[in-house]
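Each remark here refers to the structure printed beneath this line.
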Amino acid sequence: MSPETSAQTVTRVLQRVVLPLEADQDILPLYVEGAQQQPVALLAGERAHGAPADRQDLSQVLSRRSYAVRAQERTSFGTYFNAFPASYWRRWTIIDQVTLRVELTGAADLIVYRSNAKGNVYRVDSVSTTETGGAQELSFTLPLSTFADGGWYWFDVIAGESGATVESAHWEAEVPADRATPGTLTIAVTTLNRPDDVVALLGQHGADEALLNILDEVIVVDQGKQHPTDAEGFVEAEKGLDGRLRVILQANLGGSGGFSRGMSETLDADKSDYVLISDDDVRTEPEGIVRAATFADLARRRTIVGGQMFSMFDRPYLHSMGERIQPWRFWWGPVLKDSEGHHLDRESLRSTRELHRRVDVDYNGWWMTLIPVSVVREIGLSLPLFIKWDDAEYSLRARKAGVPTVTLPGAAVWHVPWTDKDDTLDWQAYYHERNRFVAALLHSQYEYGGRVVRESLIHQVRHLLASQYSVAELRLMALEDLLSGPEHLHAQIGTRLGDIRAVRAANPDSKVATDPGAFPAPRREKISRKGEGVTAPTNRLGMLKMAAIGAVKQLRPTRELAAHHPEAEVPAADAKWWVLSQFDSAVVSTSDGTGAAWYHRDPQRFRTLMTRSINVHQQVLRAWPTLSKEYKDAIDDLVGQDAWKQTFGGER
């Protein structure tokens, strides 16, 4: 324990070994690995190499807490949801040692392992049990002193001739008496026309007793026209929460408006220690929520605790391990860029080196983020950004108040990934652009925002070269609103979406047809002797050459035939600016595969938008110091409850 520990301590469970809530073979490797055909004992320091574990029979899952190990087979609990992320507990909490307790029935060998930040595996301890006719409790006291930069603890069970059963297991620690009582939480869910998803999520929350023990309330902020209260299964889900559910109807103020309403209601109720921000279109592991709250209870200082993200469509795929903001570009991205994304059904946690390093983050996506209510009371609610950058900005603001954000392995949700869509090319382009600039004005450490303005202009030129005029228009609208001052954020949060959709509707690049035969067949008046292929630039000089060629082409009249027939069909994966700039018109597939749009080059639009783009970016750059001060001076009002309550009520 840390020096602050008093003589009186109590035992707290930090993490329970759990099995899936549902009978889904795909996600079972996230909980257990069985029938591995490995030697009975691994030497200290030996790496757990080999092919992915054979698929286990779901009949071995006896309950939420118990698992049957077949005769003479080996099961590892060195998995995402059941290994213990020791380095995170060492770095961020007051815990300096843990105890593993396992109830085991039958004759078996139980072996405890640890790893380090490099992914090297070490055997720590072991015990053999005999057939006694009842459960035996095994315990191992394990120090956290060797986990400075990474590493996990876990255990394997090798059953004897009659098989064995892990009846239950958990990781616990002695904590000071003043940390004995678990903190309670309110879950704030924002939803827009996803009633079935909300009902499924509420059902998961209500099905877990450990979560219910610390749950004060679930607040669903319903901003849509399709209501969860009308969905099949709602009554049962509500019953499972036993009086803890409250649904609030509200105008569509985006994610930041919905989450801010949840924060505000939690502050007014004044009974929870934490508010958990949760998307509506997620599936959760409730044990992860309990772990996040326990971690926050035992943190050295107030800490925002977030969960990682698995893909909803490819459920063993760990999509997001941790997020950061690159300071000079002021752009978000994964902390471990080269190794982001892991299929844990193909390579286990134990054998994937990158998963053993502790990942320190700048922020956590608001698919699942636990925030201390005292932090909300001190630094305010979300910025009124509608969507995009609200989660990143909040953690940056919290860090200035001395509150770190931790993304905790073993606490996670399944969520729709962003790999199969590009929301910078649809109506959300406005919010990507404006909100990045707002966050940079507030938090960039550079006088003129580093590369932000320059990079924005570069991206603007690329959109224009690609004939993505609706995107270019929305990005200009975003910067013009930015220049109008911080007052527009609350004033327009409930109305700007209508204007954005009107701009989109007026441009052909936004008119998506889902019928594969909606457009005429491609035709070109002239084909180069070298063929139609466009080679991607491989260096900066090549990039500049392609940009120059594209810019010259934009000033030329379009071919008459291109107005009636697209010159090419371009798959979304190939729809780069240097490809699209070569055509007078092209049918371009959407990133999500649902349809395509017919892009038309318009020299007059190009000239007009290019001139506006240069002028607006020059204005932003010149005004940066003044704008930064204006937004910083307005922050307390922008995120304060009084301002938000006016916006909730539509009075502003």
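The values are calculated or read from the model by the stated rules, or taken from the named source; none is laboratory data. Please read all numbers here as calculations on a predicted model, not as lab measurements. Neighbour counts are summed over all protein chains in view; Cβ atoms, including those assigned to glycine, are modelled from backbone coordinates with ideal geometry.
Among the helices (runs of 4 or more DSSP H) confined to the range 465-523, the ones with at least 1 residues that are under 30 Å from the mean Cα position of the chain (by Cα), touching a residue at least 24 places away in the same chain (Cβ under 8 Å) and over 20 Å from W389 (Cβ atoms) are located at 469-483, 496-505. Scan the range 125-139 and tell me whether some residue there is under 28 Å from E347 (Cβ atoms), modelled with pLDDT of 95 or more and hydrophobic (A, V, I, L, M, F, W, C). Scanning the range 125-139 turns up no residue that is under 28 Å from E347 (Cβ atoms), modelled with pLDDT of 95 or more and hydrophobic (A, V, I, L, M, F, W, C).
Condition test on R246, is it among the basic types (K, R) and in a helix (DSSP H, G or I)? Walk me through how you get there before you give the answer.
Details: among the basic types (K, R): yes; in a helix (DSSP H, G or I): no.
So R246 fails the test.
Given the condition modelled with pLDDT of 95 or more, of a type in the set (S, T, Y) and under 14 Å from V275 (Cβ atoms), answer yes or no: does some residue in the range 397-405 qualify? Within the range 397-405, not a single residue is modelled with pLDDT of 95 or more, of a type in the set (S, T, Y) and under 14 Å from V275 (Cβ atoms).
The single condition among (1) modelled with pLDDT of 90 or more; (2) within 18 Å of R524 (Cα to Cα) that M610 does not meet is (2).
For the range 111-130, the tally of residues that are over 19 Å from R353 (Cβ atoms) and not aliphatic (A, V, I, L, M) stands at 5.
Output the residues belonging to the range 220-243 that are among the charged types (D, E, K, R) and assigned to a helix (DSSP H, G or I).
Filtering the range 220-243 down to residues among the charged types (D, E, K, R) leaves 222, 225, 230, 232, 236, 238-239, 242.
Result: D230, E236, E238, K239.
Pairing each residue of the range 2-21 that is exposed (fewer than 13 other Cβ atoms within 10 Å of the Cβ) with any residue that is modelled with pLDDT under 90, provided the two are 6+ apart or on different chains, yields no C-beta distance under 8 Å.
Against the conditions (1) in contact (Cβ under 8 Å) with a residue 40 or more places away in the chain; (2) within 15 Å of R283 (Cα to Cα), D196 satisfies every one except (1).
Within the range 252-269, how many residues are outside any helix (DSSP H, G or I) and touching a Ser or Thr at 6+ places or on another chain (Cβ under 9 Å)? Break it down into steps so the answer makes sense when it comes.
Of the range 252-269, the ones outside any helix (DSSP H, G or I) are 252-253.
Retained after the next criterion (residues that are touching a Ser or Thr at 6+ places or on another chain (Cβ under 9 Å)): 253.
The qualifying residues number 1.
Select, from L627, L638, the only residue that is over 24 Å from R504 (Cβ atoms) and in contact with a Pro (Cβ under 7 Å, 6 or more places away or on another chain).
On the way: L627 fails: in contact with a Pro (Cβ under 7 Å, 6 or more places away or on another chain).
Being over 24 Å from R504 (Cβ atoms) and in contact with a Pro (Cβ under 7 Å, 6 or more places away or on another chain) holds for just one of L627, L638, which is L638.
Out of A148, A188, which single residue is farther than 30 Å from G133 by Cβ and in a strand (DSSP E or B)? Sole residue among the options that is farther than 30 Å from G133 by Cβ and in a strand (DSSP E or B): A188.
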